[in-house]
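These notes concern the structure reproduced below.
The values are calculated or read from the model by the stated rules, or taken from the named source; none is laboratory data. The shown structure was predicted, so the numbers you read here are calculated from the model rather than taken from an experiment. Cβ placement follows ideal geometry from the backbone for every residue including glycine, while neighbour counts extend to all protein chains displayed.
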Amino acid sequence: MHEKELEILEHLHQDTSLHQRDLSRIVGLSLGMTNVILKRLATKGFLMVRKVNNRNIKYIVSPAGVEEISKRSYNYFKRTIKNIVFYKEQLEHTLRRLKEQGIERIFLEGESDVDFLIEHLCSKTGLQFSRTANGYRPRNNECILVSENEVPLSMQTLLNGASSHTYLSGTPLTDVAPGPEVPVSEGTEDSREGVRLYLRNLLIRT
């Protein structure tokens, strides 16, 4: 089932008084496309169409439609749970590895859908958690996790002047997923700078 079909079906299940024009506005489709989807749902047996009068038509979600909504919602829920478990494992592995290297504080830069996981895992692993605006430069015992909504810098950009990043065997940490030990860059205690990692890279499935 197409995403918009499910969306229309769910709205009609919640409010049987909705008309085509209402649905068109709610789901962001043209009136003609909304009409096509309603007919398709009726053909599939997910909707029952009742003519109230010459100008009004009532749409009722059939038992098969209710079952389809439940099935789709359950499958979405299962996928979401699997993703959360995967994200938790990736983040916990990364945070523990950072702590072993001397990182004491984690900063989250930007809005993230997994901020609740990061905050919980920081507490669990004994790391301080804070939020920060773009532009903060981490100190030697700090790490910035950049929101998954931000696109990582390209390798070329980093090589052209991102000296503030910690490197792993010549490769910027922003371009590597969790893996083996990450050595802290050379320098005195005061001159070393912290780590900057992109959640988009850490949470990707390989």
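Pairs meeting the criteria (first residue in the stretch 126-140 and at positive phi, second residue surrounded by 13 or more Cβ atoms within 10 Å (Cβ to Cβ), beta carbons under 8 Å, at least 6 apart or on different chains) are GLY126/LYS99.
Taking the condition surrounded by 14 or more Cβ atoms within 10 Å (Cβ to Cβ), closer than 27 Å to SER112 by Cβ and under 21 Å from the mean Cα position of the chain (by Cα), does LYS78 pass? For LYS78, the condition - surrounded by 14 or more Cβ atoms within 10 Å (Cβ to Cβ), closer than 27 Å to SER112 by Cβ and under 21 Å from the mean Cα position of the chain (by Cα) - is not met.
The set of residues in the stretch 35-62 that are assigned to a helix (DSSP H, G or I) and either surrounded by fewer than 15 Cβ atoms within 10 Å (Cβ to Cβ) or not basic (Lys, Arg) (or both) comprises ASN35, VAL36, ILE37, LEU38, LYS39, LEU41, ALA42, THR43. Sub-8 Å Cβ pairs linking a first residue in the stretch 1-15 that is in a helix (DSSP H, G or I) to a second residue that is among the acidic types (Asp, Glu) and crowded, with 17+ Cβ neighbours inside 10 Å, at least 6 apart or interchain, are LEU6/GLU68; LEU9/GLU68, ordered by first then second residue.
Kindly indicate whether GLY65 is in contact (Cβ under 8 Å) with a residue 40 or more places away in the chain, among the small types (Gly, Ala, Ser), within 30 Å of LEU145 (Cβ to Cβ) and surrounded by 13 or more Cβ atoms within 10 Å (Cβ to Cβ).
no
Of the residues examined, ILE106 is one that is surrounded by 15 or more Cβ atoms within 10 Å (Cβ to Cβ) and β-branched (Val, Ile, Thr).
Test LEU91 against the stated conditions and say whether it is outside the structural domain of GLY126 (by TED's automatic domain parsing), at pLDDT 90 or above and buried (at least 17 other Cβ atoms within 10 Å of the Cβ). Criteria not met by LEU91.
In the list GLN101, GLN128, which residue meets the criterion of being at pLDDT 85 or above, farther than 30 Å from LEU41 by Cα and touching a helix residue (DSSP H, G or I) at 6+ places or on another chain (Cβ under 8 Å)?
Values: GLN101 fails: touching a helix residue (DSSP H, G or I) at 6+ places or on another chain (Cβ under 8 Å).
Answer to the selection: GLN128.
The condition of being surrounded by 11 or more Cβ atoms within 10 Å (Cβ to Cβ), closer than 14 Å to ARG196 by Cβ and not β-branched (Val, Ile, Thr) holds for CYS143.
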